[in-house]
Each structure stands twice: as C-alpha cells, then as structure tokens.
Amino acid sequence: MSTVNQSSTSGFTLIELVMTIVLIGILSAIVLPRFFSRSSFDERVFFDDTLNAVRFAQKSAIATGCNTRFVVNNNSYHVLRDDSCSSGNFASNLAIRNPTTHEIGYTGSQANITLTATHANTTFDALGKADSNNVLTIGSRKISIIAATGFSYDSTP
C-alpha cells in the first residue's frame, strides 16, 4: 500500500488579503467622514424642517380662514396666527401648535446653521397667497415662496 502525503492548508491567499485591505480603505475614505462631519446632514434636516413649516403655515391659513405668518428671526423660525383673523396682530402667544408634538409654539432652529430671509415675515391669507415673494436661505440651500400662489419649493441651484 502506498500512502499519499496530503497536506491541507487553510487560510487566505495573498490576493484575497490585498483585496480585503483595498475594500476597507475605500469604505473608510467614503463612509467615515460622514460619521464625523454632521454639518451637511444638520443643514439638510433644518432645510426640510423649514420647508415643511412654511407649507404648514400656508395650509393652516387655508384651513382656518385666518392669516398665518411665518417669521424668521435670529436663525430660527416661528409660525403664528392672527388673533381674530383680520386684526393683523401676530403676537408670540398666538403661536400655532406643532403638528407633530401638539405643543403650543411651532418653532425651529438648528445650532451652527444660518437661516436668513429676504423678508423676515411672510403672511399667508385665507386663499393661501403670500403677501410677497420671499427667499429663505439655509446654509447653501434656498427655499422660494411665490406670492401669487403661496407655493414654496426648493430653489437650490
């Protein structure tokens, strides 16, 4: 009887090890900066939140028949309603309830993100029209409000 000496080898080849290292390098170059740099994500979240708040202000004006105002102040926003639907009084105690939490005061702000507007106030009437065209700038992104229709949209180039 002849015996064949079989040696079994286990492990990875050099090519497999090199390819694994290359893939880990590519993933770390793309994915890791996203975990450590949140500013672009924070800007996008605040942008979406602000756009939704503008649209909610317009819809509230239509639903209630009372003027609703979207106010930009010190890198934050507030959604207020007219106290008697025709007085033009938009006091801070007349804030609209947040549609998510149902707390009085629909406001928003984000640390280290700049919010500016062409006009500090945009008032929507019972038909949903805005009192003037307005452009809100959040970091590098823009929201445009069209006066004739009250339509608001992402106008980032």
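The values are calculated or read from the model by the stated rules, or taken from the named source; none is laboratory data. On a predicted model such as this, the values are computed, not experimentally measured, just so you know. Neighbour counts run over all protein chains shown; Cβ positions are idealised from the backbone, glycine included. SASA here: full protein model, heavy atoms, side chains in, ligands and nucleic acids out. Shrake-Rupley method; radii C 1.70, N 1.55, O 1.52, S 1.80 Å.
What the table shows:
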{"item": "Number of the exception - residue 109 against (1) farther than 22 Å from residue 42 by Cβ; (2) within 17 Å of the chain's Cα centre (by Cα)", "result": "(1)"}
{"item": "Whichever residue in region 57-73 is open to solvent by 60 Å² or more (accessible area, probe 1.4 Å) and in contact (Cβ under 8 Å) with a residue 12 or more places away in the chain and, among such residues, is farthest from residue 143 (Cα to Cα)", "result": "64"}
{"item": "Close pairs from region 96-111: first at positive phi, partner surrounded by 13 or more Cβ atoms within 10 Å (Cβ to Cβ) and in a strand (DSSP E or B), Cβ under 7 Å, at least 6 apart", "result": "105/95"}
{"item": "Hits in region 30-81 - residues which are part of a helix (DSSP H, G or I), hydroxyl-bearing (Ser, Thr, Tyr) and within 13 Å of the chain's Cα centre (by Cα)", "result": "39, 40, 50"}
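A quick yes/no check of all residues on (1) in contact with a strand residue (DSSP E or B) (Cβ under 9 Å, 6 or more places away or on another chain); (2) at pLDDT 90 or above; (3) under 25 Å from residue 125 (Cα atoms):
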site	(1), (2), (3)
29	no, no, no
38	no, no, no
41	no, no, no
56	yes, yes, yes
60	yes, yes, yes
64	yes, no, yes
74	yes, no, yes
82	yes, no, yes
94	yes, no, yes
